[in-house]
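Colleague: Pasting a structure here, questions to come.
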Amino acid sequence: GQSLEQPSEVTAVEGAIVQINCTYQTSGFYGLSWYQQHDGGAPTFLSYNALDGLEETGRFSSFLSRSDSYGYLLLQELQMKDSASYFCAVDGQNFVFGPGTRLSVLP
Amino acid sequence: GAVVSQHPSWVICKSGTSVKIECRSLDFQATTMFWYRQFPKQSLMLMATSNEGSKATYEQGVEKDKFLINHASLTLSTLTVTSAHPEDSSFYICSARTGSNTEAFFGQGTRLTVV
């Protein structure tokens with residue numbers, strides 16, 4: 001089976017940097033994805049890491065270590081609009097989501 | 001990016017009736033589609049995985065006779081909630097992708113309310 005762990009909540013102020021960690025257990029692994037979801041909306045894709053290392057896309061970066069079954073999402077220069085839930089998802093036997101991390105950005 | 005269209009966006013139905021939700025990939029062929037269910041302030045729980053032309057694979061605890069999934073073409077999958085009850089009220093979301101090792105694209109979701 002597949003299981004993932006994430007912190008349930010994170011709070012930070014505008015302009016700060018936040019790292020959201022994700023650890024996973026899976027049988028079969030293709031990659032780790034990150035999604036953002038605002039209340040009432042559908043998840044939107046942020047990143048997909050298939051190989052070890054850091055991938056940067058604008059203010060967001062995502063890291064993967066396959067040997068450690070670990071990844072993180074790094075959000076820089078936080079803005080109020082970044083307040084949302086962030087989910088990691090394992091692309092393995094199935095496409096399974098973690099429990100989600102609720103990020104609150106304060107002024 | 002690729003677009004996945006899900007309809008309806010919301011539906012209210014009476015207990016005992018059936019509701020069909022459609023998920024279409026508009027500009028790509030989706031070999032695999034996933035159906036999720038999400039309760040308020042919780043994560044997306046995978047219900048089933050469907051591959052075009054074959055029977056869906058249901059997750060443990062999901063009743064396949066209650067949640068009927070059909071993936072008849074590379075661009076369309078449907079989820080039918082049969083004999084709906086108030087406890088089936090939830091947010092249902094589909095996603096689609098072209099194969100493994102690729103990102104999944106999500107529909108807009110369907111908010112089902114059973115009264």
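Nothing in this text is a laboratory measurement; each read-out follows from the coordinates by a stated rule. Note that the structure is a prediction, hence the values are computed from the model and not measured. Methodologically, a virtual Cβ is constructed for each residue, glycine included, from the backbone with ideal geometry; neighbour enumeration extends over all protein chains shown.
Colleague: Compare the Cα positions of A:LEU103, A:VAL90, B:MET45 along the charge dipole of the protein assembly as shown (+1 at Cβ of Lys, Arg; -1 at Cβ of Asp, Glu; about the Cα centre) and return the one farthest towards the positive end.
Modeller: B:MET45
Colleague: When only alpha-carbon atoms are used, what values of Rg and Dmax, in angstrom, describe segment A:1-45?
Modeller: 13.3, 38
Colleague: Related question: Which three extents, in angstrom, do the Cα atoms of chain A have along their principal axes, listed largest first?
Modeller: Each principal axis gives a Cα extent; for chain A these are 42, 28, 19 Å.
Colleague: For each of B:LEU79, A:LEU32, B:LEU26, B:LEU74, count neighbouring Cβ atoms within 10 Å of the residue's Cβ, then give the residues from fewest to most.
Modeller: B:LEU26, B:LEU74, B:LEU79, A:LEU32
Colleague: Let me make sure I get this right: for segment A:21-71, a, b and c are the square roots of the gyration tensor eigenvalues over alpha carbons, sorted descending. Under 1.5 in a/c it's rounded, otherwise prolate if a/b > b/c, else oblate. Which is it?
Modeller: Judged from the Cα gyration tensor, segment A:21-71 comes out oblate (a/c at least 1.5, b/c at or above a/b).
Colleague: Using the beta-carbon distance between A:THR57 and B:ALA72 and R0 = 30 Å, what value does 1/(1 + (r/R0)^6) give for FRET efficiency, to the nearest 0.05?
Modeller: 0.25
Colleague: Same structure, new question: Taking K and R as +1 and D and E as -1, what net charge do the other residues with C-beta under 12 Å from the C-beta of B:SER9 add up to?
Modeller: Net of charged neighbours comes to 0.
Colleague: Sticking with this structure for a sec: Determine the alpha carbon to alpha carbon distance for each of B:LYS41/B:LYS64; A:LYS81/B:LYS41; B:LYS14/B:LYS66 and list only those over 21 Å.
Modeller: B:LYS41/B:LYS64
Colleague: Under a point-charge model restricted to the Cβ atoms of Lys and Arg (+1) and Asp and Glu (-1), what is the dipole moment magnitude of chain A relative to its Cα centre, in debye to the nearest 20?
Modeller: Dipole of chain A, to the nearest 20 debye: 120 debye.
Colleague: Specify the longest stretch of chain A that does not include any exposed loop site, a site being one of the GluC sites (Glu not before Pro) with a non-H, G, I, E, B DSSP assignment and at most 13 other Cβ atoms within 10 Å.
Modeller: A:15-76
Colleague: Now a separate question. Hey, in the protein assembly as shown, which Cys have no second cysteine's beta-carbon closer than 4.7 Å?
Modeller: B:CYS13
Colleague: Next question, about the same structure. May I ask what percent, to the nearest 5, of DSSP beta bridges between residues of chain B are antiparallel?
Modeller: Percent antiparallel among DSSP bridges in chain B is about 90.
Colleague: Can you give the net charge of the other residues whose Cβ lies under 10 Å from the Cβ of B:ALA84, counting K and R as +1 and D and E as -1?
Modeller: 0
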